[in-house]
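K.L.:
First, the structure itself, so that you have it in front of you.
The values are calculated or read from the model by the stated rules, or taken from the named source; none is laboratory data. What you see is a predicted model, and the numbers here were worked out from it, not measured in a lab. Using ideal geometry, Cβ is built from the backbone for each residue, glycine included, and neighbour counts are taken over all protein chains shown.
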Amino acid sequence: MSTPGANTVIDVRNFSFRMGRKDILRDVSFSVHEGEYLSIVGPNGAGKTTLLKCIDRILTGGTGRIEVWGRPLTSYSQKKLAMLVGYVPQADSRVFPFTVEQFVLMGRYPYLNPFFSIGREDQRAVAEVLKRTGTAAFAQRLMNTLSGGERQKVFIAAALAQEAGILLLDEPTTFLDYRHQDEIQELLTRANKESNVTVVSVTHDVNRAALQSDRIVALRQGAVVFRGSPDQIMQPEVLQEIYDSSFVLMDHPQAGLRIIAPGARSGRTP
């Protein structure tokens, strides 16, 4: 795993957010360090996606403070913020009438001048991320012809084309088979380790979070109920508090870490 730097790149302090009369986030506080891989976990409806969208200013408002690189989120223009933070939404069935190359090029929008054509630097950046993400082979295919795993790689490629130092991901491997999950995770790990990209990833998969992250933050009912290391979260009493459910834990044969084992079928005898 990458060794986080000392610099704080995201600082969330006492942040609360409401939609209508419903409290979605309640007094949330945590920080993310440069080069860190941080996962956000928690049950459905805990506010994980809302939190990411607030950090990327897709959702605005709320009380408290969110800072990026030591400056209030509100002080950035949208273009400047996009140079610092890339966002990959949860996969869905939306159809995009673009080729892969065209879609990835859209990730360069913070750097594009509307009065000039695409420059060499933009072309270089796009070609590089297409190669890094293994999407160059189908660069001319339309997005709606891709499999779920291929499309998710393209979304990540577009975010990397922004050349932002922070990458926010909402369930990046949901609905993907094991092979594509591993391929996506390898992309993220490589960006984190080799390019020092700070990764903040929302996931339902606590095992994957524990195996890949430097630290983990857990939300429940909009509030932070855990902040700590992978080995600290993998304790029955901690998981019980987060999910209000009991878990069976076992030692991972390679990682030297406890992981959640699937429970046996109810009523089954040995």
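K.L.:
Looking only at the stretch 121-164, count how many residues are out of contact with any strand residue (DSSP E or B) (no Cβ under 6 Å at 6 or more places or on another chain), surrounded by 16 or more Cβ atoms within 10 Å (Cβ to Cβ) and not in a helix (DSSP H, G or I).
P.N.:
So the count comes out to 5.
K.L.:
Another one. Are any of the residues in the stretch 35-47 at pLDDT 95 or above, on the phi > 0 side of the Ramachandran plot and in contact with a Ser or Thr (Cβ under 6 Å, 6 or more places away or on another chain)?
P.N.:
Yes, the stretch 35-47 has at least one match.
K.L.:
Looking only at residues that are closer than 17 Å to Ala125 by Cβ and not charged (D, E, K, R) in the stretch 167-195, which one is farthest from the chain's Cα centre (by Cα)?
P.N.:
The residue in question is Ser195.
K.L.:
Of the conditions (1) modelled with pLDDT of 95 or more; (2) touching a strand residue (DSSP E or B) at 6+ places or on another chain (Cβ under 6 Å); (3) of a type outside the set (Asp, Glu), Arg18 clears all except one; give me its number.
P.N.:
(2) is the only condition that Arg18 fails.
K.L.:
Surrounded by fewer than 20 Cβ atoms within 10 Å (Cβ to Cβ) and within 24 Å of Val28 (Cα to Cα), is that true of Glu237? It would help to see each step written out before you state the result.
P.N.:
Numbers: surrounded by fewer than 20 Cβ atoms within 10 Å (Cβ to Cβ): yes; within 24 Å of Val28 (Cα to Cα): yes.
Against the criterion (surrounded by fewer than 20 Cβ atoms within 10 Å (Cβ to Cβ) and within 24 Å of Val28 (Cα to Cα)), Glu237 qualifies.
K.L.:
Something else about it: Please enumerate the residues belonging to the stretch 165-199 that are assigned to a loop (DSSP other than H, G, I, E, B) and under 25 Å from Arg57 (Cα atoms).
P.N.:
Result: Gly165, Glu171, Pro172, Thr173, Thr174, Ser195, Asn196, Val197.
K.L.:
May I pose another question? Every residue in the stretch 27-63 that is hydrophobic (A, V, I, L, M, F, W, C) and either assigned to a loop (DSSP other than H, G, I, E, B) or over 17 Å from the mean Cα position of the chain (by Cα) (or both), please. It would help to see each step written out before you state the result.
P.N.:
Filtering the stretch 27-63 down to residues hydrophobic (A, V, I, L, M, F, W, C) leaves 28, 30, 32, 38, 40-41, 46, 51-52, 54-55, 58-59.
Answer for the stretch 27-63, where residues must be hydrophobic (A, V, I, L, M, F, W, C) and either assigned to a loop (DSSP other than H, G, I, E, B) or over 17 Å from the mean Cα position of the chain (by Cα) (or both): Val28, Ala46, Ile58, Leu59.
K.L.:
Would you call Arg94 among the basic types (Lys, Arg), over 22 Å from Gln185 (Cα atoms), surrounded by fewer than 17 Cβ atoms within 10 Å (Cβ to Cβ) and modelled with pLDDT of 95 or more?
P.N.:
No, not satisfied.
Per-residue answers, yes or no, for (1) in contact with a strand residue (DSSP E or B) (Cβ under 9 Å, 6 or more places away or on another chain); (2) at pLDDT below 95; (3) of a type in the set (S, T, N, Q); (4) under 27 Å from Arg190 (Cβ atoms):
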{"residue": "Ala218", "(1), (2), (3), (4)": "yes, no, no, yes"}
{"residue": "Phe226", "(1), (2), (3), (4)": "yes, no, no, no"}
{"residue": "Met234", "(1), (2), (3), (4)": "yes, no, no, yes"}
{"residue": "Phe247", "(1), (2), (3), (4)": "yes, yes, no, no"}
{"residue": "Ala255", "(1), (2), (3), (4)": "no, yes, no, yes"}
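K.L.:
If you check Ile10, Ile66, which single one turns out to be in a strand (DSSP E or B) and touching a helix residue (DSSP H, G or I) at 6+ places or on another chain (Cβ under 6 Å)? Walk me through it before giving the result.
P.N.:
Working: Ile10 fails: touching a helix residue (DSSP H, G or I) at 6+ places or on another chain (Cβ under 6 Å).
One residue alone meets the criteria, Ile66.
K.L.:
Another question about this same structure. Can Pro114 be described as part of a helix (DSSP H, G or I) and modelled with pLDDT under 90?
P.N.:
Details: part of a helix (DSSP H, G or I): no; modelled with pLDDT under 90: yes.
For Pro114, the condition - part of a helix (DSSP H, G or I) and modelled with pLDDT under 90 - is not met.
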